[in-house]
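Inspection log for the structure reproduced underneath, given as structure tokens.
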């Protein structure tokens with residue numbers, strides 16, 4: 001699953017940073033997920049917990065929250081959110097879903113968020129010239145360590 005590889009990257013990067021600072025342990029971790037990434041928060045949390053066993057991240061409080069990804073049309077100025085268009089995208093792009101090794105099918109933007117520029121247009125004027133506002137993937141927002 002895509003979530004597990006992202007969780008592994010988070011654990012590895014935090015563990016490396018904590019080891020470089022000779023800190024005792026990580027007390028808490030805050031992660032933000034952009035809704036465009038279509039990641040499962042529960043899987044991310046569980047994966048981080050399991051992958052952090054035996055590291056200085058083990059036992060840390062893990063907070064994961066989702067930020068609604070928004071878009072702004074460069075032609076007409078319309079702002080809309082991913083949640084407003086997600087259902088239509090899933091319906092219109094059903095034949096382009098990617099099946100993972102577990103048989104789960106996801107929109108290709110789950111793996112490649114930048115594909116959104118080819119998959120949608122402004123709901124107001126139809127322009128393909130829009131920008132992403134806010135988070136589109138996964139970001140480590142805060143790490144509290146014990147020194």
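The values are calculated or read from the model by the stated rules, or taken from the named source; none is laboratory data. The model shown is predicted, which means the values in this text are computed figures rather than measured ones. Cβ: placed from backbone, ideal geometry, glycine included. Neighbour counts: every protein chain shown.
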Yes/no for residue 88 being in a helix (DSSP H, G or I), without any contact (Cβ under 8 Å) to a residue 40 or more places away in the chain and either surrounded by 14 or more Cβ atoms within 10 Å (Cβ to Cβ) or out of contact with any helix residue (DSSP H, G or I) (no Cβ under 9 Å at 6 or more places or on another chain) (or both): yes
Which numbered condition residue 76 fails, given (1) touching a helix residue (DSSP H, G or I) at 6+ places or on another chain (Cβ under 6 Å); (2) modelled with pLDDT of 95 or more: (1)
Among the residues listed as 31, 116, 64, the single one being in a helix (DSSP H, G or I), surrounded by 16 or more Cβ atoms within 10 Å (Cβ to Cβ) and at pLDDT 85 or above: 116
Selection status of residue 111, surrounded by fewer than 17 Cβ atoms within 10 Å (Cβ to Cβ), touching a helix residue (DSSP H, G or I) at 6+ places or on another chain (Cβ under 8 Å) and either in contact (Cβ under 8 Å) with a residue 60 or more places away in the chain or more than 25 Å from residue 4 (Cβ to Cβ) (or both): yes
